[in-house]
Amino acid sequence: MSGSSASLQPPADAVKPVRHPDAPAPGDLLGAHYEHCFGCGPGQPHGLHLEARAGEGVALTAEFTVQPAHQGAPGLAHGGVLATALDETLGSLNWLLRTVAVTGRLETDYVRPVPVGTTLHLAAEVTAVAGRKIYSRAVGRLDGPDGPVAVRADALFVEVKVDHFIDHGRPEEIRAAMSDPDQVRRARAFEVNP
Ligand SMILES: CCCCCCCCCCCCCCCC(=O)SCCNC(=O)CCNC(=O)[C@H](O)C(C)(C)COP(=O)(O)OP(=O)(O)OC[C@H]1O[C@@H](n2cnc3c(N)ncnc32)[C@H](O)[C@@H]1OP(=O)(O)O
């Protein structure tokens, strides 16, 4: 079962997550954090184009429709693509904390196959925070927000400085992200680690 490994159990000194006062209002779309992100970027032709919407507290919902480009077995979503959808959904939670963080660990359960053409309805929440470590979980359902569970994940994200991307990313993409005219994406990339 996802989340069963010791490193996904919050330590005793973990605290409840605190929604940032400037987090998007419940119901608001979060938008993409980067034009070319495979998970959420509008400029990524075969990407997931996942759309996340803020919920109450440090929780959100997201939707992703499985396209023919996302197949593994004929007519079925590739498991890695489903893990990406979970990862992207969980990663989007960090915007509600106004924290930049990257996935350290992601554990997934695949419960039901997900056919091409299906819209996966995802729901995710941060469960605990301990220093730089952010613990979260997500579930993806078929046929609607209350439909049968297809996938589940537990994750540990680790807070990083923007330098993480500048030090490790390719200069051309970093430059492009820095000059992105989209103000929301720039805010998500650069205004969270003052
Ligand atoms: C200029 C342009 C800007 C653009 C701005 C864009 C902003 C928005 C981008 C977001 C993108 C979203 C997209 C979706 C989310 C991804 O997919 S992110 C991409 C996939 N993830 C990665 O590439 C991460 C690669 N790994 C790393 O860089 C490093 O291992 C990490 C995770 C930063 C940790 O390294 P570190 O900073 O040296 O921290 P470290 O001291 O090792 O660990 C800190 C704590 O975390 C624990 N930990 C670390 N890794 C693990 C693990 N794998 N398992 C368990 N515990 C762990 C450690 O045990 C430690 O615990 P404590 O000792 O404090 O109790």
Order by accessible surface, 1.4 Å probe, largest leading, for residues 161, 16 comes to 16, 161
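Looking at the chain, do any whole DSSP H helices span at least 18 angstrom along their long axis by alpha carbon and average 0.5 or above on Kyte-Doolittle, and which?
79-97
Quote to one decimal, in nm, the extra length available between residue 109 and residue 51 on full extension: 0.36 nm per residue of separation minus the C-alpha distance between them.
18.7 nm
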Among 64, 165, 38, the residue with the largest mean-square fluctuation in a Gaussian network model of the chain built from Cα contacts under 10 Å is 165
With every protein chain kept in place and a 1.4 Å probe, the chain has an accessible area per residue in Å² of 51 Å²
The size of the Cβ-based charge dipole (Lys, Arg +1; Asp, Glu -1) of the chain about the Cα centre, to the nearest 20 debye, is 260 debye
Comparing 154, 167, 182 in a Gaussian network model of the chain (Cα, 10 Å), the one with the largest mean-square fluctuation is 167
The stretch 6-190: relative contact order from alpha carbon pairs under 8 Å, six or more residues apart, as a whole percent, is 22 percent
Within the stretch 86-193, DSSP-loop GluC sites (Glu not before Pro) with at most 16 other C-beta atoms within 10 Å are 191
Simple spin-label estimate for residue 78/residue 132, 7 Å along Cα→Cβ, in nm, reads 3.1 nm
Only helices counted: for the chain, with every DSSP H run of 4 or more residues adding -39500 (n - 2.57) and the sum spread over all residues, [θ] at 222 nm is -6500 deg cm²/dmol
Amide H neighbours of residue 51 at under 5 Å, excluding residues fewer than 5 places away on the same chain, with H built from the backbone geometry, are 63
Loop-resident GluC sites (Glu not before Pro) in the stretch 21-87 with no more than 14 other Cβ atoms inside 10 Å, DSSP not H/G/I/E/B, are 56
Once residue 183 and residue 5 are pulled to full extension, the length gained, defined as 0.36 nm per residue separation minus their Cα-Cα distance, is 60.2 nm
Label model pair residue 67, residue 28: point-to-point distance (7 angstrom along the Cα→beta-carbon line) in nm is 2.8 nm
Highest GNM mean-square fluctuation among 66, 58, 111, for the chain with Cα springs under 10 Å, belongs to 111
Counting only protein heavy atoms and leaving out ligands, DNA and RNA, the solvent-accessible surface of residue 164 at a 1.4 Å probe, in Å² to the nearest 10, equals 70 Å²
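The values are calculated or read from the model by the stated rules, or taken from the named source; none is laboratory data. Keep in mind it's a predicted model, so treat the numbers as computed, not measured. No Cβ is skipped: glycine too gets one built from the backbone with ideal geometry, and neighbour counts run over all protein chains shown. Remember, those area values only see protein heavy atoms, side chains included, never the ligands or the DNA or RNA. Shrake-Rupley method; radii C 1.70, N 1.55, O 1.52, S 1.80 Å.
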